[in-house]
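Student: Below you'll find the structure I mean.
Just so it is clear, none of the values below were taken in a lab; they were calculated from the coordinates. Only a predicted model underlies this, so the values are computations on that prediction, with no experimental measurement involved. As a convention, Cβ positions derive from the backbone with ideal geometry for all residues, glycine included, and neighbour counts pool all protein chains shown.
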Amino acid sequence: APTVTVAAVDLGASSGRVVRGRVGPDELVIETVARFVNGPSEIPGPAGRELRWDTPSLFDHALAGLRAAGPVDGVGVDSWAVDYGLLRGGELLGWPWCYRDARTAAGVETVHRAVDPAELYRRSGLQFLPFNTVYQLAAETRLAEAERLLLVPDLLTWQLTGRAVSERTNASTTGLLSVSTGDWDDDLLALVGLRRDQLGELVDPGTVVGEHAGPHGAVPVVAVGSHDTASAVVAVPMRDPGVAAYVSCGTWGLVGVELETPVVTEAARAANFTNEGGVDGRTRFLTNVMGTWLLSETLRSWGQGGADLGELLARAAAYDGPVVVFDVQDPRFLAPNDGSDDQPARIAAWCLEHDVAPPADRIGLVRSIVASLAEGFARAVEQAATLSGRTLERVHVVGGGAQNAPLCDLLADRLGLPVLAGPVEATALGNVLVQARALGALSGDLEALRDLVARTHPLREHRPRAGVTQDGGVVVS
Ligand code: LFR
């Protein structure tokens, strides 16, 4: 099989990148050719501050990255889930809303008045997150005007090719796709006032969607697992998915296991586990844990951006003062900092409400966040095992969190299982791998793709430390 060179556009909530990958049966090398910051823009609206994505600028960065990547054999796009753009006459009807905007509360009420949450779960298999597209649409005022609704990666794919599709892994995060048929649920579409002809044709990862007329000639655009988490799970180097859990840790920590068939039991719903669509028809049985968002917003409130995170984490690892393990899943942490209320203040308020002293200083706070994330991840791993009836032997951590050694150590200690850290760029790798297979440079199932990752990317093993079962902190909840 020939070697191919492909470009992966990977758009995250806090940063985006364009990665060039060379892939063949024994080769998987990626190089980041462009990296740019992202984040919700706060713009004044009739009802106060609105959080929206400046996708025109974001896509301009992606296009510049594609030019910088030089000649390639394919392009694939992935991004965070649930958010969408509305189009009319080929133009955006305003910047896409960010899922962290508070407008969704009203949408949740509207939908749950019409359909019982237990019934919704049976239909879509999706965990309850207040920002699932179905709730956003119930709060959307411009849907009737729109000719098209495209999720964020499909929007860029449309811009590149002129073809409107709904890639299936990301479509599964809307709450509008049937977990049993894999097709849109007409009753739920009707409930939010969405017509099938407003949606793009459903396509599976691996489909060649069209061509992008780039500066170096026409290039096929390949649908990948366009939900970033779906791409990340492709590149989790699990040798035996039956005994491994994964944590894809970036802005969010997505914690779960891969299944052949969905689990839509009442117990799974109560634990807020989702059945999102994976590449090759697999099920991503996982739950959203708050993730490094807690850290990045804390740093942002200190006016520090991301620059000093490495140093702060190193100091936090050596910190021997009191550590508070708080509930990272408290919904108060979902919203961005605002003028009067930021993440450190919310954590302090949580502590006071639970009769524990808030962290005394910044290093103590960073350490508490790391310990609390590890606790949140550990609980989710245990739930994934119980709900799926599996006995786990190891946990993989991929994404930026794989670089956070204290986090991986605490997770290993708490679970008494080895944690295998890496690759950091799992999402981009998953994107590149699915393209390479679609273009004929690779063959085989996900295990074959993961084997290539394992052969080309060394993992760091964090063994549970003897006698350490938690962080020595106060566990309250
Ligand atoms: C991770 C992610 C999660 C999704 C959240 C919001 O980047 O895609 O999987 O729940 O962002 O879209």
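Student: Using a Förster radius of 51 Å, what is the FRET efficiency between Leu202 and Arg315 based on their Cβ-Cβ separation? Nearest 0.05, please.
Tutor: Computed FRET efficiency for Leu202 and Arg315: 0.55.
Student: Here's a follow-up. Using C-alpha positions alone, give me the convex hull volume of region 74-124 per residue in cubic angstrom.
Tutor: In region 74-124, the Cα hull volume divided by residue count equals 158 Å³.
Student: Can you tell me the alpha carbon radius of gyration of region 418-457 divided by the globular rule-of-thumb value 2.2 N^0.38 Å?
Tutor: Computed over Cα atoms of region 418-457, the ratio equals 1.19.
Student: Restricting to Cα atoms and excluding each atom paired with itself, what does the Kirkwood estimate give for region 302-395 in Å?
Tutor: Kirkwood radius, region 302-395: 14.9 Å.
Student: Would you report the distance distribution of C-alpha pairs in region 55-99 as whole percents per 5 angstrom bin, up to the bin with the largest distance?
Tutor: The percentages, shortest bin first, are 5, 15, 23, 22, 18, 12, 5.
Student: How large is the direction-averaged shadow of the alpha-carbon convex hull of region 332-477, in nm²?
Tutor: 11.8 nm²
Student: Note down the nm distance, to one decimal, between modelled labels 7 Å out along Cα→Cβ at Ala466 and at Ala270.
Tutor: 3.9 nm
Student: Measuring from label point to label point, each 7 Å out along Cα→Cβ, what is the His216 to Ser301 span in nm?
Tutor: 4.5 nm
Student: Going by average Cβ density within 10 Å per residue, which order do the peptides 22-31, 7-16 take, highest to lowest?
Tutor: Ranking, from highest mean packing down: 7-16, 22-31.
Student: For the chain, calculate the relative contact order in percent as a whole number, restricting contacts to Cα pairs under 8 Å that are 6 or more residues apart.
Tutor: That works out to 17 percent.
Student: Here's something else I'd like to know. Near the amide H of Leu202, under 5 Å away, which other amide H atoms are found, from residues 5 or more places off or on another chain, if H is placed in the peptide plane?
Tutor: Amide H to amide H, under 5 Å and 5 or more residues apart or across chains, Leu202 pairs with Ser166.
Student: Taking 7 Å along the Cα-to-C-beta vector as the label spot, tell me the Thr181-Asp60 distance in nanometres, rounded to one decimal.
Tutor: 4.3 nm
Student: What Kirkwood radius, in Å to one decimal, follows from the Cα pairs of region 317-365?
Tutor: Hydrodynamic radius (Kirkwood, Cα only) of region 317-365 equals 11.6 Å.
Student: Follow-up. Taking 20 °C and 1.002 mPa s as the conditions, I'd like the Stokes-Einstein D for region 196-261 in µm²/s, using the Kirkwood hydrodynamic radius from alpha carbon pairs.
Tutor: D = 146 µm²/s.
Student: Now a separate question. Mind listing the long-range amide H neighbours of Asp54? Cut-off is under 5 Å, sequence gap 5 or more, other chains count too, H placed in the peptide plane at 1.01 Å from N.
Tutor: Amide H neighbours of Asp54: Ser41.
Student: What span do the alpha-carbon atoms of the chain cover on each of the three principal axes, reported in whole Å from largest to smallest?
Tutor: So the extents along the principal axes, rounded to whole Å, are 58, 54, 44.
Student: Write down Rg/Rh for region 208-352, rounded to two decimals, with Rg from the C-alpha atoms and Rh from the Kirkwood relation over Cα pairs.
Tutor: On the Cα set of region 208-352, Rg over Rh gives 1.06.
Student: Continuing with the same structure: Please list log₁₀ I(q)/I(0) at q = 0.18, 0.31 Å⁻¹ for region 188-234, using the Debye equation with identical point scatterers on the alpha-carbon positions.
Tutor: For the requested q values the scattering log ratios are -0.78, -1.01.
Student: Let me ask you something else. Throw me the Rg/Rh for region 155-212, computed over C-alpha atoms with Kirkwood Rh, two decimals.
Tutor: When Rh is taken as the Kirkwood radius, the ratio is 0.99.
Student: State the extension gain, in nm to one decimal, for the chain segment bounded by Val37 and Leu92, taking 0.36 nm per residue of separation less the distance between their alpha-carbons.
Tutor: The span from Val37 to Leu92 would gain 17.6 nm if fully extended.
Student: Where both partners of a DSSP beta bridge lie in the chain, what percent of those bridges are antiparallel, to the nearest 5?
Tutor: In the chain, DSSP labels about 70 percent of beta bridges as antiparallel.
Student: Same structure again: Tell me, rounded to the nearest percent, the portion of alpha carbon pairs in region 392-472 spaced more than 21 Å apart.
Tutor: 38 percent
Student: Okay, moving on. Quick one: 3J(HN,Hα) in Hz for region 253-259, Karplus 6.51/-1.76/1.60 with θ = phi - 60°, rounded, Gly and Pro as x.
Tutor: With the stated coefficients, region 253-259 comes to x, 9, 10, x, 10, 9, 10 Hz.
Student: Give, in nm to one decimal, the length gained when the segment between Ser340 and Val29 is fully stretched (0.36 nm per residue of separation minus the Cα-Cα distance).
Tutor: Taking 0.36 nm per residue and subtracting the Cα distance, the gain is 107.4 nm.
Student: Turning to a different aspect of this structure: Give the Kirkwood hydrodynamic radius (Å, one decimal) of region 1-118, defined as one over the mean of 1/r across all pairs of different Cα atoms.
Tutor: Hydrodynamic radius (Kirkwood, Cα only) of region 1-118 equals 16.7 Å.
Student: Return the sequence-ordered ³J(HN,Hα) values of region 331-343 in whole Hz as given by the Karplus equation 6.51 cos²θ - 1.76 cosθ + 1.60 applied to θ = phi - 60°, using x for Gly and Pro.
Tutor: Taking θ as phi minus 60°, the curve returns x, 5, 8, 5, 7, x, 3, 10, x, 9, 8, 10, 4 Hz for region 331-343.
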